[in-house]
């Protein structure tokens, strides 16, 4: 079951980051490898990949070798544009009224109802 999920996540990752058209070029890559194997003799697949992808300038230019058809050799650029509306803000100007009151109303003992003191659930006491 873990292998199934690992392959599924790998497929999702590759499909999001690789164009499917590049995956369709894999037979061209194998055919090109076979041509190089016929011309150069004993060449490993990894040496072939290193020659074509790591250092393509050192690779000899042989006629009728279509290097641009190999997968991941040419970039096909796709552009994506996201359009989002600009939010419109309404600016409301407010006027401030100055108060003549200079004293701050304080707590008065008579206005406080202390019914909670007779209940079992009381706030913690500092002591």
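Take the residues of region 49-70 that are more than 15 Å from residue 25 (Cβ to Cβ) and at pLDDT 80 or above: which is surrounded by the most Cβ atoms within 10 Å (Cβ to Cβ)? Step by step, filter region 49-70, then rank; the result is 51.
Within region 2-14, residues that are without any contact (Cβ under 8 Å) to a residue 24 or more places away in the chain reach partners that are assigned to a helix (DSSP H, G or I) and surrounded by 10 or more Cβ atoms within 10 Å (Cβ to Cβ) with beta carbons closer than 9 Å, at six or more positions or on different chains, in the pairs 14/23. Evaluation of residue 27 against the conditions (1) loosely packed, with under 12 Cβ neighbours inside 10 Å; (2) closer than 20 Å to residue 73 by Cα; (3) at pLDDT below 80 shows that the sole unmet condition is (3).
The values are calculated or read from the model by the stated rules, or taken from the named source; none is laboratory data. No experiment lies behind these values; they were computed from the predicted model shown. Using ideal geometry, Cβ is built from the backbone for each residue, glycine included, and neighbour counts are taken over all protein chains shown.
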